[in-house]
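Asks: Below is one structure. I have some questions about it.
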Amino acid sequence: MATQASPARKIAFSAAQPTGQLTIGNLFGAIQNWVPLQEHYDTLFCVVDLHALTVRQDPQQLRRHILELAAIYMASGVDPRQSEVFIQSQVPQHAELAWILSTFAQLGELERMTQFKDKAQRHRHNVNAGLFTYPVLMAADILLYGAHVVPVGEDQKQHLELTRDIAIRFNNLFGPVLQIPEPLIPTQGAARVRDLQYPEKKMSKSAEAELSRVMILDDDATVLKKFKKAVTDSLGEIRFNEDAQAGVTNLLTIWCAATGRRQEEALDHFSHNMYGKLKVETAEAVNAVLGPIRENYRQLMADPGELERILNQGAERAAHRAEKTMVQVMDVLGLPVAGRRMRAGV
Ligand code: AQP
């Protein structure tokens, strides 16, 4: 099980929502970058199921997706002996701190969040208050554990900035209680994997078109089919050019993320090639990464009892850590904490 937090180690926290099967965007933009952090950081990886409620979920499916997401983390290399792996709703302090922090977030700031604007467009029939205050819950997720770094894809950068602003505002009023976190966004590689059909958008697990997204659990043939149908252009040149050739740039970026090679190497490798070869080789590189993950996933899902046991233990330890922050935050605000201190022994 996860080792005790060492004060010498910096803390890294990240999470994903169980809103469906994960895409290679989630993998290359986030989870793949979590794994090496386990060596040097005190790491916590959370399944943020309360966030998923901001879009209406089928309860049966949600229950399944939560467990599947935890299994994907572990199948991708998150090791519960090195990291805390847990479910957000099992640690009530997340929702509790979110309420407190919502009194430190300004309406205008939340209105500027591009994810809110985008999701409010996509779910017009259900623009609920949770969708609006989503970044405050995310701030609570991060600040509860005193995270120094938060490995995320580029789409979450704005939320991270808001988290920092909230923490700085709180600390300016009440002293240095909250750790100000830094985003850790991949510089080389796939900070933003794009939709295969609409490359002007990011690849999203809840995108409507099947061909838009490659799922981690897609089989080899499906992955190949999706890449073969990826939208490119008529310029016939293989180069990185976000504006004029977003589709081709995306394929090159994915190839780099899957092979671990640099942009110059990609250009060298594909010089004098046609788009067809780029598509097939990208699919092959992605399948080489996904194959072992799918196999590990199948083994983990064969024993859901063991998965649940790991998650329960993770939640217990996470709650203990979260409680320490809650007591500090409540105390400086003037809320009573004596009972909590006694109960939690903090
Ligand atoms: N296309 C992407 N490229 C790079 N990184 C990405 N991430 C998501 N999409 C891409 C990163 O994955 C982590 C987990 O994301 P999330 O589950 O919290 O939700 P999201 O960012 O809203 O991702 P989706 O796939 O678009 O989910 P839905 O469709 O449910 O909204 C984050 O670190 C994110 O940056």
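Asks: Which of the residues that make up the stretch 212-244 are modelled with pLDDT under 95 and either within 14 Å of the ligand (Cβ to nearest atom) or open to solvent by less than 20 Å² (accessible area, probe 1.4 Å) (or both)?
Replies: The answer is E242, and nothing else.
Asks: Looking only at the stretch 323-336, decide whether some residue is open to solvent by 50 Å² or more (accessible area, probe 1.4 Å) and either touching a Cys at 6+ places or on another chain (Cβ under 6 Å) or of a type in the set (S, T, N, Q) (or both).
Replies: We begin by selecting, within the stretch 323-336, every residue open to solvent by 50 Å² or more (accessible area, probe 1.4 Å); these are 324, 328, 331-336.
If we keep only those that are either touching a Cys at 6+ places or on another chain (Cβ under 6 Å) or of a type in the set (S, T, N, Q) (or both) too, we end up with 328.
Yes, there is a match, as at least one residue in the stretch 323-336 is open to solvent by 50 Å² or more (accessible area, probe 1.4 Å) and either touching a Cys at 6+ places or on another chain (Cβ under 6 Å) or of a type in the set (S, T, N, Q) (or both).
Asks: To continue, here is another question. Do any helices (runs of 4 or more DSSP H) entirely within the stretch 207-290 hold 3 or more residues that are β-branched (V, I, T) and more than 17 Å from Q21 (Cβ to Cβ), and if so, which? If you could, list the steps in order and put the result at the bottom.
Replies: Values: elements: 220-228, 246-259, 263-270.
Ranges flagged: 246-259.
Asks: Could you check, for the stretch 253-276, whether at least one of its residues is touching an Asp or Glu at 6+ places or on another chain (Cβ under 7 Å) and either open to solvent by 20 Å² or more (accessible area, probe 1.4 Å) or over 23 Å from A71 (Cβ atoms) (or both)? Before you say what the answer is, go through the steps one by one.
Replies: From the stretch 253-276, those touching an Asp or Glu at 6+ places or on another chain (Cβ under 7 Å) are 255; that's our starting set.
Next, from what is left, pick out any that are either open to solvent by 20 Å² or more (accessible area, probe 1.4 Å) or over 23 Å from A71 (Cβ atoms) (or both): 255.
Taking every residue of the stretch 253-276 in turn, at least one turns out to be touching an Asp or Glu at 6+ places or on another chain (Cβ under 7 Å) and either open to solvent by 20 Å² or more (accessible area, probe 1.4 Å) or over 23 Å from A71 (Cβ atoms) (or both).
Asks: Out of the stretch 99-157, which residues are among the charged types (D, E, K, R), within 16 Å of the ligand (Cβ to nearest atom), within 28 Å of N172 (Cα to Cα) and open to solvent by 40 Å² or more (accessible area, probe 1.4 Å)?
Replies: E154, D155, K157
Asks: Hey, L143 hits all of (1) closer than 17 Å to D49 by Cα; (2) in contact (Cβ under 8 Å) with a residue 60 or more places away in the chain but one; which does it fall short on?
Replies: (1)
Asks: Let me ask something else. Do any residues in the stretch 126-138 that are touching a residue at least 60 places away in the same chain (Cβ under 8 Å) and small (G, A, S) have Cβ atoms under 9 Å from those of residues that are surrounded by fewer than 24 Cβ atoms within 10 Å (Cβ to Cβ) and in a loop (DSSP other than H, G, I, E, B), where the two are at least six apart or on different chains, and which pairs are they?
Replies: From residues that are touching a residue at least 60 places away in the same chain (Cβ under 8 Å) and small (G, A, S), the pairs are G130/L53; G130/T54.
Asks: Let me ask you something else. Residue by residue through the stretch 173-186, note down the ones that are open to solvent by 40 Å² or more (accessible area, probe 1.4 Å), more than 13 Å from the ligand (Cβ to nearest atom) and either touching a residue at least 24 places away in the same chain (Cβ under 8 Å) or under 26 Å from N250 (Cα atoms) (or both). Explain how you work it out, then say what you get.
Replies: Within the stretch 173-186, the first condition is being open to solvent by 40 Å² or more (accessible area, probe 1.4 Å), and the residues that meet it are 173-174, 176, 179-180, 182-185.
After this cut, where a residue has to be more than 13 Å from the ligand (Cβ to nearest atom) as well, the list is 173-174, 176, 179-180, 182.
Selection gives F174, Q179, E182.
Asks: Checking the conditions here, which among Q179, Q156 is within 18 Å of F45 (Cα to Cα) and assigned to a helix (DSSP H, G or I)?
Replies: On the way: Q179 fails: assigned to a helix (DSSP H, G or I).
When all the criteria are applied, what remains is Q156.
The values are calculated or read from the model by the stated rules, or taken from the named source; none is laboratory data. Worth saying up front: this structure is predicted, and the values here are computed from it rather than measured. Backbone-built Cβ (ideal geometry, glycine too); neighbour counts: all protein chains shown. What goes into the accessible areas is simple: the full protein's heavy atoms, side chains included, and nothing from ligands, DNA or RNA. Shrake-Rupley method; radii C 1.70, N 1.55, O 1.52, S 1.80 Å.
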